[in-house]
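*Asks:* To start, I am sharing the structure in question, which I have written as structure tokens.
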Amino acid sequence: MKRLLTIQDISCVGQCSLTVALPVISACGVETAILPSAVLSTHTGFPHFCIHDLTDDMPGIEEKWLANGLKFDAFYTGYVRENQIQPILDIMERCAAEGALRIVDPVMADYGKLYAGFDADFPSKLVRLCDGADYILPNLTEAALLLNEKPVLEGYDRMYIEGLLKRLRQTGAKHVLLTGVSFEPTKIGFAMDDGQKTAYYFTERVERMSFGTGDVYASVFAGALMRGLPAFGAASLAADIVRLCIRDTPPEHWYGVNFERTLPELIHRLESVNQ
Ligand code: PXL
């Protein structure tokens, strides 16, 4: 069984980050190790929250992993803080099994705005994590902010998307998976660039603004990829699963998506993969 390390926060309530990644990646049949970047009372979309930063614990944890000979086949980073970028790069270098993959979700913004608690210069710091990543998974807002551009959320065309993908690969990322791409009101999906071509995938749009969808998306992608699906298959499975989760979430449930009842479908869709 492959062992993946995911580095992101524990939001105690909020159906996001580690409380999503752990069940989802485990459901994919992949051993899931965690390194919490911070503990929050809730995610930062709630009007009141407190945060306990865990940066200082990272080097000691890494040291004990190394002493125990623990290595990881993949790393998947999500919500992290500025002063954690170097310790995380160190861990990804020193605790990597041969050929380990780096999947970086540059979690910091959506709907044109940075999440509460991040400074305007945070995107320029997060670019360092993208350099050398095998896959980065920004949404449209994060993609623009990583490039120090103004987010464009509507009225764009394929040329804009493909230009964005090309500029994002210049950060040093090998593949770019841009989420939340939509050229017509009823469809939403992703664009994926592997350096040679751009591939698109769209599903029916379920009209709802939801926290945590990016975390479900990245977790399914990481889990399915480690389980042996090709990247485009893992990315399109992730898009299908996110759509099912949103469909299962009542509109008044504003702070997350009910991914829990979609886990059997995820397991079922991965059953035919022989790894
Ligand atoms: O779902 C992304 C996310 C992860 N972690 C924290 C957040 C958010 C989005 O708001 O606040 C702490």
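None of the figures in this text is laboratory data; all of them are computed from the coordinates on show. Just so it is clear, the model here is predicted, and its values are computed rather than measured. Backbone-built Cβ (ideal geometry, glycine too); neighbour counts: all protein chains shown.
*Asks:* Just to check your reading of the model, which residue among GLY180, GLY214, GLY256 is within 15 Å of the ligand (Cβ to nearest atom) and in a strand (DSSP E or B)? Even if it seems obvious, please write down each step before you answer.
*Replies:* Values: GLY214 fails: in a strand (DSSP E or B); GLY256 fails: in a strand (DSSP E or B).
From the options GLY180, GLY214, GLY256, the qualifying one is GLY180.
*Asks:* Got a number for residues in the stretch 21-42 being touching a Phe, Trp or Tyr at 6+ places or on another chain (Cβ under 6 Å) and buried (at least 16 other Cβ atoms within 10 Å of the Cβ)? Break it down into steps so the answer makes sense when it comes.
*Replies:* Of the residues in the stretch 21-42, the ones touching a Phe, Trp or Tyr at 6+ places or on another chain (Cβ under 6 Å) are 40-42.
Keeping just the survivors that are buried (at least 16 other Cβ atoms within 10 Å of the Cβ) gives 40, 42.
Matching residues across the stretch 21-42 total 2.
*Asks:* Something else now. Only residues that are touching a helix residue (DSSP H, G or I) at 6+ places or on another chain (Cβ under 7 Å), within 24 Å of SER11 (Cβ to Cβ) and of a type outside the set (D, E, K, R): list them for the stretch 54-71, please.
*Replies:* Residues of the stretch 54-71 that are touching a helix residue (DSSP H, G or I) at 6+ places or on another chain (Cβ under 7 Å), as a first pass: 55, 58-59, 62, 66.
Narrowing further to those that are within 24 Å of SER11 (Cβ to Cβ): 55, 58-59, 62.
Scanning the stretch 54-71 gives THR55, MET58, PRO59.
*Asks:* Considering only residues that are more than 9 Å from the ligand (Cβ to nearest atom) and either of a type in the set (A, V, I, L, M, F, W, C) or in a loop (DSSP other than H, G, I, E, B) (or both), which ones fall in the stretch 28-55?
*Replies:* Scanning the stretch 28-55 gives CYS28, GLY29, VAL30, ALA33, ILE34, LEU35, VAL39, PRO47, HIS48, CYS50, LEU54.
*Asks:* Moving on to the next point. Is there a residue in the stretch 62-71 that is within 12 Å of the ligand (Cβ to nearest atom), more than 20 Å from PRO106 (Cα to Cα) and not in a strand (DSSP E or B)?
*Replies:* Here is the first cut: in the stretch 62-71, the ones within 12 Å of the ligand (Cβ to nearest atom) are none.
No, the conditions are met nowhere in the stretch 62-71.
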